Amino acid sequence: MKKIVIVPILFIFLLLTACGAARVPMHTNQKQMMNMKPVNGEETRSEWSLPDGISANKPVTISILIKDKHNKPIKEFETVSTKKMHLVVVSKDLSYFAHIHPTFKGNGRFEITTKFPASGDYKLIAEMTPVGASDYSIENQWLTVQGTKPLPKPIEPQKERTKVIDGTKVTLTFDEKLAAKKNIDMNFTLADAATNKPIKNLQPYLGTVGHAVAIDKNVNQFMHIHPLYPKGTGPKVVFMTYFPTKGVYKVWGQFNVNGHILTVPFVLNVE
């Protein structure tokens, strides 16, 4: 299935209709990418090798073979945000989220050993950039972890957009009304929860001041969003994004706070 800023820059927009990924091609000299308005395109294929009988909390080795449109393994991949592949794993109800990085084994093959915390269905979304490609690609796969499936956790939009996690207070704001089919600045502002002092010393995470992922309630639309000012250090981290459809989305912001990767989720209603 398929799928900062330097001025002047020409944005050529591509939409992956099969997996609903909103994306923008990388500039030839700029590896920082942002999600913007989507249009059509596909350049890769994938084969996923998964063991039978996957159990919760047991190590699972997953192999992903990336091929070109002629069904030949792709030999080389760009290093983007310090990795050749980014793999996002979410449960069907979006209660579980992981952003992990398979190892490139050569001849188109990536491999990773990971665990799943509970029984149920999970979607694996892989993002990579073949050398010489005009854009990066998204490939995805569903898998089922054996056992009695837990009751799904409701995905309800949150009116309160300030959270305290691991001693850090994070507030999410938008520069304008949260609506589909428009470019919007999404802002995470971080402070020390005990003192309320702004955090101004964020460290790089995968080469930038932060990362964000947004996925819709139906697990069809996927956005991996990079910051507008990648070399910033806080307290405000700005992401320019584009929600391609109306509906409920879950957003995870990720930041390096004193060497600890802080993951902060919010559930949004996009009108």
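The values are calculated or read from the model by the stated rules, or taken from the named source; none is laboratory data. Because the structure is predicted, anything quoted here is derived from the model rather than measured. Methodologically, a virtual Cβ is constructed for each residue, glycine included, from the backbone with ideal geometry; neighbour enumeration extends over all protein chains shown. Each accessible area value is taken on the protein alone, full model and side chains, heavy atoms only, with ligands, DNA and RNA left out. Shrake-Rupley method; radii C 1.70, N 1.55, O 1.52, S 1.80 Å.
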Seminar exercise, completed: Scanning region 223-271 residue by residue, those assigned to a strand (DSSP E or B) and of a type in the set (S, T, Y) turn out to be T241, Y242, Y249, T263
Seminar exercise, completed: With the first residue restricted to region 158-182 and required to be under 20 Å from A194 (Cβ atoms), and the second required to be part of a loop (DSSP other than H, G, I, E, B) and β-branched (V, I, T), Cβ contacts under 8 Å at 6 or more apart or on different chains are T168/I199
Seminar exercise, completed: Counting only residues in region 95-122 that are within 24 Å of N256 (Cα to Cα) and touching an Asp or Glu at 6+ places or on another chain (Cβ under 9 Å), the one most open to solvent (accessible area, probe 1.4 Å) is identified as T103
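Going by the conditions given, is I184 closer than 22 Å to H99 by Cα, among the aliphatic types (A, V, I, L, M) and buried (at least 17 other Cβ atoms within 10 Å of the Cβ)?
Numbers: closer than 22 Å to H99 by Cα: no; among the aliphatic types (A, V, I, L, M): yes; buried (at least 17 other Cβ atoms within 10 Å of the Cβ): yes.
The answer is no for I184.
Scan region 46-66 and tell me whether some residue there is closer than 20 Å to Q254 by Cα, open to solvent by 70 Å² or more (accessible area, probe 1.4 Å) and modelled with pLDDT of 95 or more. I'd like the intermediate steps shown before the answer.
Going residue by residue through region 46-66, those that are closer than 20 Å to Q254 by Cα are none.
No, because not a single residue in region 46-66 is closer than 20 Å to Q254 by Cα, open to solvent by 70 Å² or more (accessible area, probe 1.4 Å) and modelled with pLDDT of 95 or more.
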Exercise. Taking region 156-199, which residues are in contact with a strand residue (DSSP E or B) (Cβ under 9 Å, 6 or more places away or on another chain), among the polar types (S, T, N, Q) and not in a strand (DSSP E or B)?
Worked result: Q158, N196
For this session: Say whether the condition of being surrounded by 17 or more Cβ atoms within 10 Å (Cβ to Cβ), under 20 Å from the mean Cα position of the chain (by Cα) and at pLDDT 95 or above is met by at least one residue in region 151-168.
Result: no
For this session: Answer yes if at least one residue in region 125-140 is among the hydroxyl-bearing types (S, T, Y) and at pLDDT 95 or above, and no otherwise.
Result: no
Seminar exercise, completed: Subset of region 200-222, residues within 24 Å of V89 (Cβ to Cβ) and in a loop (DSSP other than H, G, I, E, B), comes to P204, L206, G207, V209, G210, K217, N218, V219, N220, Q221
Seminar exercise, completed: Scanning region 201-216 for residues that are of a type outside the set (S, T, N, Q) and more than 21 Å from Y96 (Cβ to Cβ), the one farthest from the chain's Cα centre (by Cα) turns out to be L202
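Does I261 qualify as being under 27 Å from P102 (Cβ atoms) and at pLDDT below 95? Reasoning before the result, please.
Numbers: under 27 Å from P102 (Cβ atoms): yes; at pLDDT below 95: no.
Against the criterion (under 27 Å from P102 (Cβ atoms) and at pLDDT below 95), I261 does not qualify.
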Exercise. For H86, are the conditions met, namely being open to solvent by less than 70 Å² (accessible area, probe 1.4 Å) and either farther than 18 Å from E127 by Cβ or modelled with pLDDT of 50 or more (or both)?
Worked result: yes
For this session: Only one of these is modelled with pLDDT of 95 or more, surrounded by 16 or more Cβ atoms within 10 Å (Cβ to Cβ) and not hydroxyl-bearing (S, T, Y): Q203, Q254, Q221. Name it.
Result: Q254
